[in-house]
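Here's the structure we're looking at; comments come further down.
Computed from the coordinates by the stated procedures, all read-outs in this text should not be read as laboratory data. Here the structure is a predicted model, which means the values were calculated and not measured. When we count neighbours, we look across all protein chains shown, and the Cβ atoms used for this are built from the backbone with ideal geometry, even at glycine.
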Amino acid sequence: MKILKIDGGKNLKGTVNISGAKNSAVAIIPAAILCDENVRISNVPDISDIDALKEILTYLNAKFEKKEDGDIYIGSCNIVNKEIPANLSKKLRASYYFMGALLGKYKKAEVYFPGGCTIGSRPIDLHLKGFEALGAKVTKEDDKFIIEAEELIGNNIYLDIASVGATINIMLAAVKAKGLTVIENAAKEPEIVNVAMFLNSMGAKIRGAGTNTIKIKGVSTLKSCYHEVIPDRIEAATYLLMGSVVSDDLTIENIIPEHLEALTQKLIEMGADIKIYEDKIHITNKNKLKPTNIKTLVYPGFPTDIQQIIATVMTQAQGVSTIEENLFENRFQNLYELQKMGARIKIDGKKAYIKGPIKLVSSEVTATDLRAGAGLVIAALLADGITTINNSDYILRGYENIQIKLEKLGAKIQLIQI
Ligand code: UD1
């Protein structure tokens, strides 16, 4: 297990450069195997979820090479399509993208139910229904899904919920299907647009990504391409929220501010001292924060991934803030850890009430999932003295060089393997 030890109560100062988006890169890498030629991808974050995907690609006999400039080359002409065993599938959520990618390319995929953060039951029924609508047969053997088709034929698919994973997975399977696939009530997250642009660079014909309706005209082959992963809006949000409480001068750069509007509007409403530029944001903790209310929604609503992180900031606002979590049924585990640090929080079903301001106290806490861990990092930076965050492996799934980035800003932080 990895632990982070943070000696908090220090002012952070400086500039932080945001890495490539985890949720984009973890879809683009499996998507790359749809093509037989080499593809080059830049701005891939160096996080453990990418290491887990590399393991799957290597197991399938694909080439995964990181060049000196940091770009990743993926070569898929020698892939052996076989079952992806449970130990590899369960390392991360995004292993489910091999279902769509292998089905699209070889008309057969054998993948176990994916792993990922335990923030709810996270069914994949919509992914499977989508594959079936394209003509695939899905067989479940214990925890393994065998998905196969004689041929894939485009169809109209209405998603009951605008799911990020289902939208991307169906796109991957449909890219090489015969005819037209239309996904209605598609998710609109920027990562979906980024994946669609990557597929189009390889020769796919996808229109409407970023809207409710995505149209995919099937093609028979895909070719080599170069593609860049967009900046990680959730990593950016994490540093932005950090800045609002523990820094008198923080610049977050290499970002797309439009992707962060749900959060920046909230911060403005809370009275934060924030200046938004074309590709960077400056923020300080100079202003006292007012309490606020958030309800998590699909994009462009307030992201569930940021909910757990803003919870820590709410402990510093002048009054009672509320959170309503509408996507995942188990996404308040971080609040029990914050309570160990002295936070005043009441949880009632899918609602939480957080009363501030409170001086958090250093403690020993546990990262119960990735974004819970990120919220605890901010809490540890706020509390005087040393806070130990157990299970920090979760945090490393999604934050590139978090220790180095924070040290550069003046934090006292140690990453220890025990
Ligand atoms: C993705 C992100 C995750 C983010 C989430 C919501 C990745 C790898 N992960 O997760 O960081 O928190 O989007 O923005 O990109 N649902 C079903 N059936 C399905 C699929 C989803 O009922 O087949 C439900 C889920 O339980 C949830 C909602 O739909 O309530 C949204 O989930 P979804 O957008 O699919 O999230 P993930 O793809 O798991």
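Taking the longest Cα principal axis of the chain as reference, the axis of helix 190-201 is set at about 30 degrees. Over segment 22-228, all Cα pairs binned in 10 Å intervals from 0 give whole-percent P(r) values of 9, 40, 40, 11, 0, listed from short to long. Between 19, 34, 361, the Cα set farthest toward the positive side of the dipole of the chain (charges on each charged residue's Cβ, about the Cα centre) is that of 361.
When you work out D = kT/(6 pi eta Rh) for the chain at 20 °C and 1.002 mPa s, using the Kirkwood radius from C-alpha pairs as Rh and the Stokes-Einstein form, the result is 98 µm²/s. Between residue 140 and residue 223, the simple spin-label model (points 7 angstrom out along Cα→Cβ) gives 4.2 nm. Looking at the P(r) of segment 197-272, how many percent of alpha-carbon pairs lie beyond 22 Å? Roughly 46 percent, rounded to a whole number.
Mind checking the dipole of segment 55-194: about its Cα centre, +1 per Lys or Arg Cβ, -1 per Asp or Glu Cβ, Debye to the nearest 20? Intermediate values should be presented prior to the final figure.
Numbers: 18 positive and 19 negative charges, 28 e Å.
In total the dipole reaches around 140 debye.
Farthest towards the positive end of the charge dipole of segment 22-228, among the residues 118, 212, 84, is the Cα of 212, using unit charges on the Cβ of Lys, Arg, Asp and Glu.
Taking 7 Å steps out from each Cα toward its Cβ at residue 339 and residue 275 produces label points 4.2 nm apart.
Would you give the gap between the C-alpha center of segment 170-203 and the C-alpha center of segment 130-159, rounded to a whole Å? Their Cα centres are 16 Å away from one another. For the chain, the dipole from Cβ point charges (+1 on Lys and Arg, -1 on Asp and Glu) about the Cα centre works out to 460 debye, to the nearest 20. Were the residues from residue 67 through residue 13 laid out at 0.36 nm apart, the gain over their Cα-Cα distance would be 16.2 nm. Loop-located GluC sites (Glu not before Pro) in segment 29-71 (DSSP state other than H, G, I, E, B) with a sparse environment of at most 12 neighbouring Cβ atoms within 10 Å: 68.
Extension gain, residue 118 to residue 417, is 105.4 nm, computed as 0.36 nm per intervening residue step minus the present C-alpha separation.
Pulled fully out, how much extra length does the chain show between residue 326 and residue 404, if you take 0.36 nm times their separation in residues and subtract their Cα-Cα distance?
Working: separation 78, 0.36 × 78 = 28.08 nm, distance 3.40 nm.
So the extension gain works out to 24.7 nm.
Rounded to the nearest 20, the size of the Cβ-charge dipole of segment 339-386 about its Cα centre is 300 debye, with Lys and Arg at +1 and Asp and Glu at -1.
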